[in-house]
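The values are calculated or read from the model by the stated rules, or taken from the named source; none is laboratory data. Just so it is clear, the structure is predicted and the values come from calculations on it, not from any experiment. Methodologically, a virtual Cβ is constructed for each residue, glycine included, from the backbone with ideal geometry; neighbour enumeration extends over all protein chains shown.
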Amino acid sequence: MSMEESAKADKPMQPIQGFLAVIAACLTSGLAGVYFEMVLKTSNVNLWTRNVQLSAWSLIPAALPVLLEMVRHGPSAPFLHFGISAWATVVLQVTGGLAVAMVIKHADNILKGFAVSFSIILSFGVSIIFFHFPF
């Protein structure tokens, strides 16, 4: 939605609130990255064990909707419409998470920030060239 369309809508955009939300997201992401780097570099536990320990906290909120869907529609419900694109998404997310952990373990959080920024710019460029997105 453009600024003009938003101004005509019932609820116009609030740029100050949006800017503050982006600042808060950047700060929390930066703090999480620094803490993750500290945890990986100060412990004697290997990278794979630490990844399992850190990701275990996300299993409860991630499993809850899956279990509710199984209760409502049967045990095969979570994978009912799980096609090739869903599996590709899972593989990409897992690979990306492991790559981030390895970069932070062997480099630092600043290099990870540069890599993420470069990937966003690269994705933007590819979207313009191949999908004809407007600049």
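When the range 1-21 is limited to residues that are modelled with pLDDT of 90 or more and of a type in the set (A, V, I, L, M), the one that is farthest from Ile104 (Cα to Cα) turns out to be Ile16. Of all the numbered requirements in (1) of a type in the set (Gly, Ala, Ser); (2) at pLDDT 80 or above; (3) surrounded by 10 or more Cβ atoms within 10 Å (Cβ to Cβ), Ala101 misses one, and that requirement is (2). Applying the set (1) over 16 Å from Gly97 (Cα atoms); (2) not in a loop (DSSP other than H, G, I, E, B) to Asn44 leaves exactly one unmet item: (2). Only one of the listed residues (Ser119, Ser85) is surrounded by fewer than 11 Cβ atoms within 10 Å (Cβ to Cβ) and free of Cβ contacts under 8 Å to residues at least 24 places away in the same chain. That residue is Ser85.
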